[in-house]
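The values are calculated or read from the model by the stated rules, or taken from the named source; none is laboratory data. Given the structure is predicted, the values throughout are model-derived calculations rather than measurements. Cβ atoms come from the backbone with ideal geometry, glycine included; neighbour counts cover every protein chain shown. Accessible surface areas use protein heavy atoms only, side chains included; no ligands, DNA or RNA. Shrake-Rupley method; radii C 1.70, N 1.55, O 1.52, S 1.80 Å.
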Amino acid sequence: MSESTAPGTVRLTVGQALVRFLSVQYSERDGVEQRLFAGVMGILGHGNVAGVGQALLQNQVDPAPGEQPLRLYQARNEQNMVHTAVGYARTTDRLQTFACVASIGPGSTNMLTGAALATIDRIPVLLLPADTFATRAADPVLQQLENEQSGEASVNDVFRPVSRFFDRVHRPEQLPASLLAAMRVLTDPAETGAVTIALPQDVQAEAHDWPVALFRRRVWHVARPVPEPAALERAARLVREASRPLLVAGGGVVYSGASAALTALADATGIPVADTQAGKGAIAWDHPCAAGGVGATGSAAANALAAQADVVIGVGTRWTDFTTASRTAFGNPEVRFVNLNVKALDAAKHAGEMVVADARAGLEALTAALAGYRVPEDYTREVGELVADWVRVTDECYHRGHGPLPAQTEIFGALNELMGEEDVLVNAAGSMPGDLQALWRASSPLQYHLEYGYSCMGYEIPAAMGVKLARPGSEVVAVVGDGSYQMAPQEIATILAEGLKVVLVVLQNHGWASIGSLSESHGSQRFATEYRRRDERTGLLDGARLPVDLAANIRSYGVEVLEPASVEEFRAAYAAAAASVATTAIVVETDLYGPNPPSSSWWDVPVPEVSRLESTRRARAEYEDAKRDQRPYL
Ligand SMILES: Cc1ncc(C[n+]2csc(CCOP(=O)(O)OP(=O)(O)O)c2C)c(N)n1
Ligand SMILES: [Mg+2]
């Protein structure tokens, strides 16, 4: 029983107050309200089992009046639980997320990679690492960092640079201000990312008289900042002068729900639209203005347009090196940028004309400001021809009849044809993102869930769980390389515990197709990029392939595994997996050496300037050649 000691207050521990507060937070955009926290992902240890852990139990079995249920999902690895939260938050357009609770020490620092991913990808997650005693009564507690220069240093300090807000609650009185600041950052589209509140284990259990008002239902309004009229006018003037404009749609278009506004701008002006990994599907692939992926792994169509564009309109994009092909994609010496972004940091990139605004509000305003403008007819014709060429290339990659093992592009072709518009493909790392960026025909942004800000191996399976929690009616397909799989298979157990159904497609090529080909083209002879035994004669890992049986590994979780040996069999396996009500895995052997889609671009990966190896010297010469096209956009 909680007892009030003063009128208008309620006596709870810090852990209990935290949980009760989180349970009544809501977000709102366009008049629709939803719970800000769909639940809590967690792993308990001595740092939180009796503090926040007790509070979560109390929330489930004996909630206070008005307290909402906040279900605890028991994860297997703390990094994974942040990925699950990100998968969920991204699928809900950043309007909802999870809180992640971890024990002190390794439990907490395991979340670090997830925190970096969330902040880099601009996705809201609340991280609640436990921390060492504020009173220092029992120091050094198990897993405590001791630092002779600082009595207050803790391993959790590593979260500071990767968090958009960081706090440590040493005293109960600090909690309300800390929580309010955290909620504001989580729901601010320009600032959002990982938010970390470290909770010393003694403080979690400490009681305090909290004002009842702390626990009232609170709605955080997610803003749609409108463009400043003068900025809009400057941007529109620049676009009106353009004869070869190109729009690049990034994740911001998706999170803002601006697909219709983007399509309307393309319809009205004829400006071709290329997309980034996070923006794919923002315009349907078969819209006459859709040019496909741009940059290092882009389509030849979008890259040809980029090479000659005179004005590039970036909407909701961070302009990563993949999108700009390490600043070689936009080849017109006079090229100018217009950047529509809710975040000034991004709007200012490439000396762009800055329009700091919500993507939807900004696109609508830009369409109005461009009334009467249309790209020249020749340009429209050229776009159509380039895109038609790429449609043929994609068809070839999707149906090339490669053997004896299929090329992974054929597996993607089958999935692209078999998956419905509401189904979601999840992927993050390896050679797959590049092929998908070049080829995938997305009808909606929902269908294409690529994590490519951090490109984190191991994201796929836990993120698929988050996507499935957000979209129970969709088929969620995690496409996982054998390398990625071995990084983080554990959350299959959590998926099963929750009775969720996802489809796992594991592409087994016994190594890293991605880094292997990068290594070869950059003079490093595929060194240490396959999974092989050490050969004592060479001293290298170039012995026999390892007999690790990933299908058996997945079966050991109690999951049905299908092992198709051809593209035809893969199609049948996918149909069976889709028809099943249970999580099903398809493990398919693919050719480590491709073939992959033809490249029309470059990526800056430096090659040693001096070397005893001939392969490296040759690669260095090519590197220097390519590097000449790189330039700052000023
Ligand atoms: C956590 C993490 N470690 C390392 C890397 C660097 N890296 C990128 S792709 C890759 C290999 C991926 O192998 P696999 O999943 O089998 O995909 P494939 O390249 O074979 O398509 C590595 C090591 C990364 N992206 N993430
Ligand atoms: Mg592989």
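Are any of the residues in segment 204-212 touching a helix residue (DSSP H, G or I) at 6+ places or on another chain (Cβ under 9 Å), aliphatic (A, V, I, L, M) and open to solvent by 30 Å² or more (accessible area, probe 1.4 Å)?
Yes, some residue in segment 204-212 is touching a helix residue (DSSP H, G or I) at 6+ places or on another chain (Cβ under 9 Å), aliphatic (A, V, I, L, M) and open to solvent by 30 Å² or more (accessible area, probe 1.4 Å).
Inside segment 519-542, can you point out the residues that are at negative phi, part of a loop (DSSP other than H, G, I, E, B) and within 13 Å of ligand 2 (Cβ to nearest atom)?
We begin by selecting, within segment 519-542, every residue at negative phi; these are 519-522, 524, 527, 529-538, 540-542.
Of the ones still in play, those that are also part of a loop (DSSP other than H, G, I, E, B) are 522, 524, 527, 529, 531, 533-534, 536-538, 541-542.
Residues satisfying the conditions are 529, 531.
Among the residues of segment 477-500, write down those that are more than 25 Å from residue 565 (Cβ to Cβ) and out of contact with any Gly (no Cβ under 8 Å at 6 or more places or on another chain). If you could, list the steps in order and put the result at the bottom.
Our first condition is that a residue be more than 25 Å from residue 565 (Cβ to Cβ); within segment 477-500, this holds for 487-488, 490-491, 493-500.
Those that are more than 25 Å from residue 565 (Cβ to Cβ) and out of contact with any Gly (no Cβ under 8 Å at 6 or more places or on another chain): 490, 491, 493, 494, 495, 497, 498, 499, 500.
Sort through 434, 413, 401 and tell me the only one that's assigned to a helix (DSSP H, G or I), away from ligand 2 (no atom under 16 Å from the Cβ) and in contact with a helix residue (DSSP H, G or I) (Cβ under 9 Å, 6 or more places away or on another chain). It would help to see each step written out before you state the result.
Details: 434 fails: away from ligand 2 (no atom under 16 Å from the Cβ); 401 fails: assigned to a helix (DSSP H, G or I).
Criteria check complete, one pass: 413.
Please tell me if residue 544 is under 29 Å from residue 612 (Cα atoms), more than 16 Å from ligand 1 (Cβ to nearest atom) and open to solvent by less than 70 Å² (accessible area, probe 1.4 Å).
yes
Counting just the residues of segment 357-387 that are among the acidic types (Asp, Glu) and under 26 Å from residue 191 (Cα atoms), which one comes out surrounded by the fewest Cβ atoms within 10 Å (Cβ to Cβ)?
364
In the list 585, 572, 577, which residue meets the criterion of being out of contact with any Ser or Thr (no Cβ under 8 Å at 6 or more places or on another chain) and either assigned to a loop (DSSP other than H, G, I, E, B) or touching a residue at least 60 places away in the same chain (Cβ under 8 Å) (or both)? Reasoning before the result, please.
On the way: 572 fails: either assigned to a loop (DSSP other than H, G, I, E, B) or touching a residue at least 60 places away in the same chain (Cβ under 8 Å) (or both); 577 fails: out of contact with any Ser or Thr (no Cβ under 8 Å at 6 or more places or on another chain).
Just one listed residue meets the conditions, 585.
Could you tell me which residue of segment 484-518 is nearest to ligand 2 (Cβ to nearest atom), considering only residues that are among the hydrophobic types (A, V, I, L, M, F, W, C) and part of a loop (DSSP other than H, G, I, E, B)?
So in segment 484-518, the residues among the hydrophobic types (A, V, I, L, M, F, W, C) come out as 487-488, 492-493, 495-497, 500, 502-507, 512-513, 515, 518.
Keeping just the survivors that are part of a loop (DSSP other than H, G, I, E, B) gives 488, 500, 502, 512.
On the way: 488: 14, 500: 25, 502: 20, 512: 5 Å.
Filtering segment 484-518 for residues that are among the hydrophobic types (A, V, I, L, M, F, W, C) and part of a loop (DSSP other than H, G, I, E, B), the one nearest to ligand 2 (Cβ to nearest atom) comes out as 512.
With the requirement that a residue be open to solvent by less than 30 Å² (accessible area, probe 1.4 Å) and among the hydrophobic types (A, V, I, L, M, F, W, C), what does segment 61-76 give you?
64, 70, 75
Could you grab me the full set of residues in segment 220-245 that are closer than 30 Å to residue 11 by Cα and either surrounded by 14 or more Cβ atoms within 10 Å (Cβ to Cβ) or among the acidic types (Asp, Glu) (or both)?
Restricting attention to segment 220-245, the residues satisfying the condition of being closer than 30 Å to residue 11 by Cα are 220-221.
If the condition is that a residue be closer than 30 Å to residue 11 by Cα and either surrounded by 14 or more Cβ atoms within 10 Å (Cβ to Cβ) or among the acidic types (Asp, Glu) (or both), then 220 is the only one that fits.
Just to verify a result, which residue in segment 340-356, among those that are of a type in the set (A, V, I, L, M) and surrounded by fewer than 22 Cβ atoms within 10 Å (Cβ to Cβ), is farthest from residue 94 (Cα to Cα)?
So the first thing to find is which residues in segment 340-356 are of a type in the set (A, V, I, L, M), and the list is 340, 342, 344-345, 347-348, 351, 354-356.
Narrowing further to those that are surrounded by fewer than 22 Cβ atoms within 10 Å (Cβ to Cβ): 344-345, 348, 351, 354, 356.
Working: 344: 19, 345: 19, 348: 23, 351: 28, 354: 23, 356: 19 Å.
Once the filter is applied, the top-ranked residue is 351.
Which residue, of 443, 455, is modelled with pLDDT under 95, among the polar types (S, T, N, Q) and either in a loop (DSSP other than H, G, I, E, B) or touching a strand residue (DSSP E or B) at 6+ places or on another chain (Cβ under 7 Å) (or both)? Don't jump to the end; show me each part of the working.
Working: 455 fails: modelled with pLDDT under 95.
When all the criteria are applied, what remains is 443.
Going residue by residue through segment 606-613, is there one that turns out to be crowded, with 16+ Cβ neighbours inside 10 Å, within 24 Å of residue 320 (Cβ to Cβ) and not hydroxyl-bearing (Ser, Thr, Tyr)? So that I can check it myself, show each step before the final result.
Step one: list which residues in segment 606-613 are crowded, with 16+ Cβ neighbours inside 10 Å, which gives 607.
Now restrict to residues that are within 24 Å of residue 320 (Cβ to Cβ): 607.
With the extra rule that they be not hydroxyl-bearing (Ser, Thr, Tyr), the set shrinks to 607.
Taking every residue of segment 606-613 in turn, at least one turns out to be crowded, with 16+ Cβ neighbours inside 10 Å, within 24 Å of residue 320 (Cβ to Cβ) and not hydroxyl-bearing (Ser, Thr, Tyr).
Counting only residues that are touching a strand residue (DSSP E or B) at 6+ places or on another chain (Cβ under 7 Å) and part of a loop (DSSP other than H, G, I, E, B), which one in segment 19-50 is nearest to residue 105 (Cα to Cα)?
47
Could you tell me which numbered condition residue 424 fails, if it satisfies all but one of (1) away from ligand 1 (no atom under 16 Å from the Cβ); (2) open to solvent by less than 30 Å² (accessible area, probe 1.4 Å); (3) over 15 Å from the mean Cα position of the chain (by Cα)?
(3)
So if I check each of 467, 476, 480, which one is within 12 Å of ligand 1 (Cβ to nearest atom) and either at pLDDT 95 or above or under 27 Å from residue 35 (Cα atoms) (or both)?
Unique residue meeting the criteria: 480.
If you go through segment 456-482, how many residues are surrounded by 24 or more Cβ atoms within 10 Å (Cβ to Cβ) and more than 17 Å from the chain's Cα centre (by Cα)?
Looking only at that region, the number is 0.
Return the pairs, sorted by first residue and then second, in which the second residue is within 11 Å of ligand 2 (Cβ to nearest atom), the first residue lies in segment 500-523 and is β-branched (Val, Ile, Thr), the beta carbons are less than 8 Å apart, and the residues are 6+ apart or on different chains.
505/480; 506/480; 506/481; 506/482; 506/485; 506/550; 515/529
Taking residue 58 as the residue in question, decide whether it is in contact (Cβ under 8 Å) with a residue 40 or more places away in the chain, surrounded by fewer than 24 Cβ atoms within 10 Å (Cβ to Cβ) and assigned to a helix (DSSP H, G or I).
Working: in contact (Cβ under 8 Å) with a residue 40 or more places away in the chain: yes; surrounded by fewer than 24 Cβ atoms within 10 Å (Cβ to Cβ): yes; assigned to a helix (DSSP H, G or I): yes.
It is true that residue 58 is in contact (Cβ under 8 Å) with a residue 40 or more places away in the chain, surrounded by fewer than 24 Cβ atoms within 10 Å (Cβ to Cβ) and assigned to a helix (DSSP H, G or I).
For segment 164-179, how many residues meet the condition of being in a helix (DSSP H, G or I), closer than 20 Å to residue 221 by Cβ and open to solvent by 60 Å² or more (accessible area, probe 1.4 Å)?
First pass over segment 164-179, keeping only residues in a helix (DSSP H, G or I): 172-179.
Then keep just the ones that are closer than 20 Å to residue 221 by Cβ; that gives 176-177, 179.
Then drop every residue that is not open to solvent by 60 Å² or more (accessible area, probe 1.4 Å), which leaves 177.
Residues in segment 164-179 being in a helix (DSSP H, G or I), closer than 20 Å to residue 221 by Cβ and open to solvent by 60 Å² or more (accessible area, probe 1.4 Å): 1 in total.
How many residues does segment 492-529 hold that are more than 15 Å from ligand 1 (Cβ to nearest atom) and either open to solvent by 40 Å² or more (accessible area, probe 1.4 Å) or touching a Pro at 6+ places or on another chain (Cβ under 6 Å) (or both)? Even if it seems obvious, please write down each step before you answer.
Here is the first cut: in segment 492-529, the ones more than 15 Å from ligand 1 (Cβ to nearest atom) are 492-503, 523, 525.
Checking the rest, the ones that are also either open to solvent by 40 Å² or more (accessible area, probe 1.4 Å) or touching a Pro at 6+ places or on another chain (Cβ under 6 Å) (or both) come to 496-499, 525.
Residues in segment 492-529 being more than 15 Å from ligand 1 (Cβ to nearest atom) and either open to solvent by 40 Å² or more (accessible area, probe 1.4 Å) or touching a Pro at 6+ places or on another chain (Cβ under 6 Å) (or both): 5 in total.
Just give me the residues in segment 293-312 being open to solvent by 20 Å² or more (accessible area, probe 1.4 Å) and either more than 16 Å from residue 335 (Cα to Cα) or in a loop (DSSP other than H, G, I, E, B) (or both), in sequence order.
Looking only at segment 293-312, we keep the residues that are open to solvent by 20 Å² or more (accessible area, probe 1.4 Å), and these are 297, 300, 304, 307-308, 310.
297, 300, 310, listed by residue number.
Does at least one position in segment 439-449 carry a residue that is within 16 Å of ligand 2 (Cβ to nearest atom), of a type outside the set (Lys, Arg) and within 20 Å of residue 84 (Cβ to Cβ)?
Of segment 439-449, the ones within 16 Å of ligand 2 (Cβ to nearest atom) are none.
No.
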